[in-house]
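Following: one structure in structure tokens, then a few remarks.
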Amino acid sequence: MNHRRRLAIKDRSEKIIEGHGLTKIYGTGDVSTIALNKVTFDIRRGEFVLIVGQSGSGKSTLLHIIGLLDKPTAGKIVIDEIDATYLSDSDRSLVRRYKIGFIFQAYNLLSDLTVAENVMLPLMMVNKGSSSAMRRKVEMVLEKVGLARQINKQSNQLSGGQMQRVAVARALVSRPALVLGDEPTGNLDSKSSQDVISLMKELNKELNQTFVIVTHARESFGIVDRTIVLKDGRIEKIE
């Protein structure tokens with residue numbers, strides 16, 4: 001067994017996300033809604049994990065808590081050994097910036113920027129190196145997602161599948177500990193959807209990158225490491 005393989009096995013034993021008794025209640029009194037109810041789980045480094053369930057089951061709420069975009073009403077959330085439960089808003093923002101990459105259903109690209117400029121934004125936010133060094137990182141990640149020839153195009157000149165590949169590249173360029181996807185193939189046709197899914201799974205294996213994906217299209221992802229099934233704000237099962 002080679003050294004890289006040993007490291008991959010070791011990494012997968014480490015917990016990158018820990019959720020303990022996570023509860024989220026919206027509203028107060030008679031108009032309150034329990035979106036999550038005492039959810040406990042963990043995700044290991046290098047896993048590809050799906051979060052699935054019917055509409056209203058709590059999928060997006062859980063992903064937003066994992067991504068530190070929302071705070072739990074009760075419970076504890078740990079991201080890459082950082083207890084983020086009671087962090088200030090500014091500290092939560094720092095953890096997101098350095099630890100988490102996001103892939104959104106609506107791409108969230110800036111139409112007046114080129115592909116390269118969109119992908120470079122996370123590097124600029126964390127000030128990772130000189131302009132030339134950041135450009136090299138952008139070129140490398142765009143090569144990986146098959147968009148090297150589109151590097152200088154405006155993002156609004158791309159197809160939907162290409163725009164989502166740019167979003168994947170942007171999420172990965174700063175090598176965050178964790179990549180989160182909220183219905184990342186929801187706006188794509190079936191071929192583009194499969195292309196993006198295959199790309200994410202390839203990068204997961206190649207880079208030992210942790211992916212946590214909320215999706216309604218579970219069957220499209222094929223075999224993954226684990227699937228968290230939510231129902232009425234609770235974990236129904238983990239497969």
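The values are calculated or read from the model by the stated rules, or taken from the named source; none is laboratory data. Note that the structure is a prediction, hence the values are computed from the model and not measured. Virtual Cβ from ideal backbone geometry, glycine too; neighbours counted across all protein chains shown.
Have a look at D42, D83 and point out the one that is of a type outside the set (A, V, I, L, M, F, W, C), under 20 Å from the mean Cα position of the chain (by Cα) and more than 16 Å from V229 (Cα to Cα). Let's see the steps before the verdict.
Details: D42 fails: more than 16 Å from V229 (Cα to Cα).
On inspection, the qualifying residue turns out to be D83.
Would you check which residues across region 116-145 are among the β-branched types (V, I, T) and either modelled with pLDDT of 95 or more or buried (at least 17 other Cβ atoms within 10 Å of the Cβ) (or both) and list them? Give the derivation first.
Of the residues in region 116-145, the ones among the β-branched types (V, I, T) are 119, 126, 138, 141, 145.
V119, V138, V141, V145, listed by residue number.
Starting from residues that are aliphatic (A, V, I, L, M) and surrounded by fewer than 20 Cβ atoms within 10 Å (Cβ to Cβ), keep the ones in region 96-115 and report whichever is modelled with the lowest pLDDT. So that I can check it myself, show each step before the final result.
At the first step, the residues of region 96-115 found to be aliphatic (A, V, I, L, M) are 100, 103, 106, 109-110, 113, 115.
Then drop every residue that is not surrounded by fewer than 20 Cβ atoms within 10 Å (Cβ to Cβ), which leaves 106, 110, 113.
Values: A106: 83, L110: 90, L113: 92.
This residue is A106.
For region 225-239, which residues satisfy the criterion of being buried (at least 17 other Cβ atoms within 10 Å of the Cβ) and not in a strand (DSSP E or B)?
Within region 225-239, just G233 meets the criteria.
Hey, does region 195-217 have a residue that's assigned to a helix (DSSP H, G or I) and among the aromatic types (F, W, Y)?
No: region 195-217 contains no residue that is assigned to a helix (DSSP H, G or I) and among the aromatic types (F, W, Y).
So which residues in region 146-196 are of a type in the set (K, R) and either more than 21 Å from G101 (Cα to Cα) or surrounded by fewer than 20 Cβ atoms within 10 Å (Cβ to Cβ) (or both), if there are any at all? If you could, list the steps in order and put the result at the bottom.
Start the filter on region 146-196 by keeping residues that are of a type in the set (K, R), which leaves 149, 153, 165, 170, 175, 191.
Residues satisfying the conditions are R149, K153, R175, K191.
Restricting the first residue to region 70-88 and requiring it to be surrounded by fewer than 16 Cβ atoms within 10 Å (Cβ to Cβ), which pairs with a second residue that is assigned to a loop (DSSP other than H, G, I, E, B) and of a type in the set (S, T, N, Q) meet a Cβ separation below 6 Å and a spacing of at least six or different chains?
Taking only residues 6 or more apart or on different chains, the pairs are K76/T85.
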